Structure formats: C-alpha cells, structure tokens
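A short write-up of the structure that comes next.
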Amino acid sequence: MRTVLVTGGGGSGRTTVAAATALAAARRGRRTLLLSAEDPALLGALFGADAGSGGDGYGAGAPHEVAPGLSLARIDSGADFRARAVALQERARSALDLLGAEPLDDDELAEPPGADAFALLRVLRAAHDPGDTEGHDLVVVDMPPVGQAVRTLAAPEHTRRWLRRLLPPERQAARALRPVLAQLAGVPMPARSLYEAAGRLDRELAAVQAVIEAPGTTVRLVAEPGPAAARALRAARAGLALHGLAVDAVVANRMLPTASPDPWLADLAARQQEALKVLLDEFRADSVAVCELPHLGREPQGPADLGELAERAPLPAPVDGPPADGPWAVEDRLDDEGVLLWRLPLPGATRETLSLVRRGDEVVVTAGPFRRVLPLPAALRRCTVAGARLAGGELTVRFEPEPGLWPARE
C-alpha cells in the first residue's frame, strides 16, 4: 500500500492539496482513502455538506465515499481520547473501587495536549490493518503543520526508546528472582502488569513505526512560495531526512498568473516566481518533483473547484525499496585512509544548526529543532569519532578503529 503524508507551513493549504491529491488518484483508478482531522466545515466545503460526518470507525469518523473511488475518514482526537480514557477506567475499575476513587464521566474528560498526535497515529495504523483496509491501495493523510508533523511521526521511535530505557526487557526475565532479591538486597522490581502494559504499548508503537518507515510511505510538502516558505521547507526537509522520511513532491500552492495587467498582482506574481525558482533548484536537483497549483481567485468551494486542482496535482509515483544496508551507509576506507565513513543524507541541513554527540553506542544528531538518537552500526561501536563534514546535503562522520578492539588487518 502507498501512503502519502501531506504537510507544510500553517495556512499553506495542506488540506486542500491532500484532498486534491486523493481525488486525482481516485480519478485515475486508485482506490483511495483520505484521512483528515480538519474541521468538518472545510471538508464539507471541498467535497459536500456531509463530507466531515460519519459514525464510529478507525477511532473517528467511519470512512464514507465522497467521490467515485475515494473514501474520507475524519479524525476526531477528542472523541478518541474520551473513548480510550473511559475504557481504561473500566479496566481499572476494581483498583479504583479499592481506592475509593470515583471514575470520571465522558463529559468530564477534556482532551490533553498531544492527544491529537496519538489519535492520528492510531488511525494511520488502523488504515493499514490488513483486516480493515476495505480494498484501499492508497492512503493520503492530511497532516498537521510540518514541525508538528515531524515530531508526530518521530513519536513512536522516541517512545519505544524511552520504554526500553525505563523498563529494560532483561529485567523482566529476572522476575522469578524477585523475592530473593527483595530479601537479600532490597532491589526494586517493577510489577509484572507494568511490563505487560509496556509490552502492549511497544507492539502498538512498533506497528505504527513500521507503517511510517515502509518504503511505500512518502511525504508531500506544501508551500505558498515566498522567502519564509523556502526557509521553512529547507528546515523541514532536514528534519524529515533525519528520521528517514522521503519527500516525493513539493507543491507550490496558490500560484498567481504571471501575465496580469495589474502592477500590484504582477509584482506579487514575480516574487512568487523567484521563490519558486529557489524551490526548483533545491528539490529537483535531488529528483524531487515540484508542481504548481493555481490560485483560483477564491477559496476552493465544492467538487468543481477541487476537481480543477486535482487535474494538476501530481500522482503518487511508485517507490523503490530502501538500499539493502538501509538509508545510512558505512564506507570502508581502512586500507587507503585508515577510517570508516558513516554517511547520513541530510538535505536542507545547515552547519550552524547541526550538532553531533556520541553517547556510548549511540549518536545524538540534532538538525535545527529536530533530534534523533541513532544506534551505531556494529563495526563503528569499536571506533572513535575522528571528525565530521556536511557537504552536498550529506553528513559524513569519520571513525578510526580503536587498536585494542579492532582485529589486525593483513
């Protein structure tokens, strides 16, 4: 299954572009599912009055057809949180009764910060469940603004790492020794139920992470061309690359006609074209498609306007699988230079906002506001960092073997 995650700057028209992308694919025979947390009024303005409604399903609105071959499911993070909180209270009812606690009613529960991100991830996972795909072969996701989108997509990996640090699986294996340890040394051991809950959460997160990291998952960036948009996309691209997410296309949205007789509009269009040239130079050099969607002179209203944009929206292209050694390769230069090179593609990263810190068998890489902890390949764990260089959108880290840990080469 192909998955296209549509994101961009705030107010750039992400929802409209996601809808146009989904409609374009459906019109060309792809069975398409569009996931969006946007307000029902906006979805209704694009597809029809009832487009944002629907019963329970996918943890939100049940998928319903809004165009031939195109289904829409609206994500309601508030309803998702309340349903899960009530279910959790039911499972813990005996413990709550023992403590004399009074469970909260559904109408008392307010959605906390971050609930929208986890609701989106759960819906994304459900859409890829083999038993619930309903025959869809393309999922288009209307993501939040790009900074939040990157953090949301990175959340499964980060959370799984925290779980492994806080509840190491190897400590669970020692639970049979808990009484002995408690008597002899007073070593605290987490309860079995805690490990079981952590295991369930880890499996759920692993399933979401598998969808995000699948070769068929790509990101589509949306921008209304201008100097600020170009800078934002550059930083976002570095964050996406840091987490191994490929950009398949950039959509320059709301492009003005270049032949306007009005001097004010002509000047604005000229500045758009200048910014568009920057996007073309940066992204096409890396084989990322850049397409333009016109400004309709109004906010898109109804299927006719959306269809006009869909005619120009790029279709999600087939993607090849990742290299056999993954997105980050180790190059052996021991014979010639006595070093190993670890190459990390980071298009859009700048030297001023990039940092690299080694911690044991891991490396913490920070690109602007985005950070990732990467485990070192086995060969590099027996080496010391000898330097790093950022050039051509690629971070190259030099490692020198530690003599006492590296076998002698003949």
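Taking a 1.4 Å probe, which of E196, E311 shows the most accessible area, and what order do the others take after it?
Per-residue accessible area, sorted high to low, gives E311, E196.
Using Cα pairs closer than 8 Å and at least 6 residues apart in sequence, work out the relative contact order for segment 188-288, in percent.
27 percent
Run the simple label-point estimate for A285 and R298 please: 7 Å along Cα→C-beta, distance reported in nm.
4.2 nm
Quick one: accessible area per residue over segment 207-263, 1.4 Å probe, rounded to a whole number of Å²?
About 34 Å² of surface per residue is accessible.
Please list, in order along segment 227-236, the HN-Hα scalar couplings obtained from phi with the Karplus expression 6.51 cos²θ - 1.76 cosθ + 1.60 (θ = phi - 60°), rounded to whole Hz, x for Gly and Pro.
Going residue by residue, I get x, 5, 5, 4, 5, 5, 5, 5, 5, 5 Hz, with x marking Gly and Pro.
So, counting K/R as plus one and D/E as minus one, what does the shell of residues with Cβ under 15 Å around A238 add up to?
+3
Spelling out what I want: for every residue of segment 12-17, take phi, set θ = phi - 60°, compute 6.51 cos²θ - 1.76 cosθ + 1.60 (Karplus), and round to whole Hz; glycine and proline get x.
Those phi angles translate into 7, x, 4, 5, 5, 5 Hz.
Compute the Cα gyration tensor for segment 300-379, then decide on rounded, prolate or oblate, letting a ≥ b ≥ c be the square roots of its eigenvalues: rounded whenever a/c is under 1.5, prolate when a/b is larger than b/c in the other cases, and oblate in all that remain.
prolate
I need the phi-derived Karplus couplings for segment 286-297: 6.51 cos²θ - 1.76 cosθ + 1.60, θ = phi - 60°, integer Hz, Gly and Pro marked x.
In residue order, the calculated couplings are 9, 6, 9, 5, 10, 10, 10, 10, x, 7, 7, x Hz.
For a test of the definition: using alpha carbon positions, the gyration tensor, and the 1.5 limit on a/c, classify segment 255-307 as rounded, prolate or oblate.
Here segment 255-307 falls in the oblate category.
So for each of 292-300, 329-337, 38-46, 74-82 I average, over its residues, the number of other beta carbons within 10 Å; can you give me the resulting order with the highest mean first?
74-82, 38-46, 292-300, 329-337
The values are calculated or read from the model by the stated rules, or taken from the named source; none is laboratory data. No experiment lies behind these values; they were computed from the predicted model shown. Here Cβ is always computed from backbone atoms with ideal geometry, including for glycine, and neighbour counts include all displayed protein chains. Calculation scope for accessible area: heavy atoms of the full protein, side chains included, ligands and nucleic acids excluded. Shrake-Rupley method; radii C 1.70, N 1.55, O 1.52, S 1.80 Å.
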